[in-house]
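What follows is a single structure, written as structure tokens, with notes after it.
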Amino acid sequence: MIGGFLGAGKTTSVAALAEHLSATGRKVGLITNDQGRELVDTAMLRSKGFATEEIPGGCFCCRFNSLVDAAGRLTESTRPDVFIAEPVGSCTDLVATVTYPLRRIYGDEFSIAPLSVLVDPVRAARVFGLSEGGQFSEKVIYIYRKQLEEADLIVINKTDLLEPNTLAALQAKLAEEFPNAEVLQISARTGEGLETWFTRITDAEQIARNVMEVDYEVYAEGEALLGWLNATVQLAGTEEFEARPVLQQLAGTMQTHLSEQGAEIAHLKMTLSPDTGLGGDVAIINLVRNDFVPELSADLDAPIESGQLIINLRAEGDPETLCAAVETALATAPAGLAATLDHLEHFRPGKPEPTHRVTDLA
């Protein structure tokens with residue numbers, strides 16, 4: 001499993017790992033996960049040609065049987081050598097509720113790799129007091145820290161975002177705070193450090209150790225502070241339009257609205273794919289902090305007349321505030337562009353209720 005808080009770059013890293021494994025001749029099956037449905041992550045991974053199953057409606061710990069079923073479907077369809085699962089970014093206690101149950105119940109069928117937990121270095125530097133900037137509240141940070149506490153590998157992603165001195169201080173701080181984990185540095189975008197990380201994952205199995213204690217009341221309260229929004233929108237222009245400026249304007253409008261309302265963005269992800277053309281053609285934009293610039297990681301090959309927009313927005317704030325931000329952005333879309341809302345859900349995650357919780361493998 002490749003875990004980590006919202007905005008850590010998990011999906012980009014999962015794709016890089018999948019491409020690496022495929023290049024070495026191993027078939028890969030991917031499993032994405034979310035509290036809602038209509039995931040940007042699933043669309044992005046499928047656009048790259050990977051067999052991908054999506055588990056909506058709750059985290060892996062609460063949808064354990066669905067996780068096993070998804071692995072079964074992938075086995076029937078593509079017979080992968082390796083499964084890569086990406087849990088919800090607000091989920092923790094994965095060792096006790098996912099990997100240990102898998103090992104106890106399905107130990108003859110699965111070999112479990114060390115648990116990697118990715119971190120966005122700017123967010124992590126703020127959490128651990130190494131830099132200033134927008135921050136989550138205490139109970140949300142409780143989840144953030146618990147994710148790191150259970151990690152076998154803490155993987156600092158996006159290493160190009162910090163100055164070398166701050167990056168070194170962050171690595172030292174993480175090693176001090178979480179001595180059971182090995183701390184690595186990577187950039188999923190540039191490829192820096194990936195080989196070392198891939199080797200750690202593929203050449204070892206997860207070592208059994210005592211699971212951490214989790215206060216599920218605080219955990220639930222922390223998740224409930226996060227607003228969740230998924231939407232699918234049909235965009236149609238009176239003439240052909242470019243994906244880049246449209247996505248940038250939509251993201252910028254949402255960013256401004258949320259900042260004005262005091263909602264701290266955890267992750268805004270949007271994809272835009274043409275209604276006609278190759279299935280792998282998709283534009284992707286991300287925003288992971290209020291004071292960050294929306295970043296286009298992929299663009300369409302050519303202008304389009306119409307397309308499907310998928311919006312995944314997570315922020316510490318009221319779901320109605322998130323909904324208003326999206327509605328404002330769509331209402332002020334570029335001239336000549338009509339936006340038709342096909343699907344919208346906005347909510348706060350419910351209290352996690354794991355299917356299993358195994359505290360040891362004896």
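The values are calculated or read from the model by the stated rules, or taken from the named source; none is laboratory data. No experiment lies behind these values; they were computed from the predicted model shown. Cβ sites come from the backbone with ideal geometry, for glycine too, and all protein chains shown count toward neighbours.
A few remarks follow.
- Region 89-109, residues that are assigned to a helix (DSSP H, G or I), surrounded by fewer than 20 Cβ atoms within 10 Å (Cβ to Cβ) and out of contact with any helix residue (DSSP H, G or I) (no Cβ under 9 Å at 6 or more places or on another chain): Arg103, Arg104
- Residues (part of a loop (DSSP other than H, G, I, E, B) and surrounded by 17 or more Cβ atoms within 10 Å (Cβ to Cβ)) located in region 326-349: Ala333, Pro349
- Here Ala172 fulfils each of the conditions (1) farther than 25 Å from Ile265 by Cβ; (2) touching an Asp or Glu at 6+ places or on another chain (Cβ under 9 Å) apart from (2).
- Residue in region 78-88 that is surrounded by fewer than 18 Cβ atoms within 10 Å (Cβ to Cβ), of a type outside the set (S, T, N, Q) and assigned to a loop (DSSP other than H, G, I, E, B) present: yes
- Residue tally, condition part of a loop (DSSP other than H, G, I, E, B), among the β-branched types (Val, Ile, Thr) and more than 20 Å from the chain's Cα centre (by Cα), over region 184-208: 1
- Odd one out for Ala220 among (1) part of a helix (DSSP H, G or I); (2) under 28 Å from Ala113 (Cβ atoms); (3) hydrophobic (A, V, I, L, M, F, W, C); (4) more than 18 Å from the chain's Cα centre (by Cα): (2)
- Residues satisfying the stated conditions in region 283-325, i.e. surrounded by 17 or more Cβ atoms within 10 Å (Cβ to Cβ) and charged (D, E, K, R): Arg289, Arg314, Glu316
- Checked against the criteria, Thr271 counts as buried (at least 21 other Cβ atoms within 10 Å of the Cβ) and touching a residue at least 12 places away in the same chain (Cβ under 8 Å).
- Subset of region 132-156 that is surrounded by fewer than 17 Cβ atoms within 10 Å (Cβ to Cβ) and closer than 16 Å to Leu170 by Cα - its residue that is farthest from the chain's Cα centre (by Cα): Glu132
- Thr32 being of a type in the set (Ser, Thr, Tyr), assigned to a helix (DSSP H, G or I) and modelled with pLDDT of 95 or more: no
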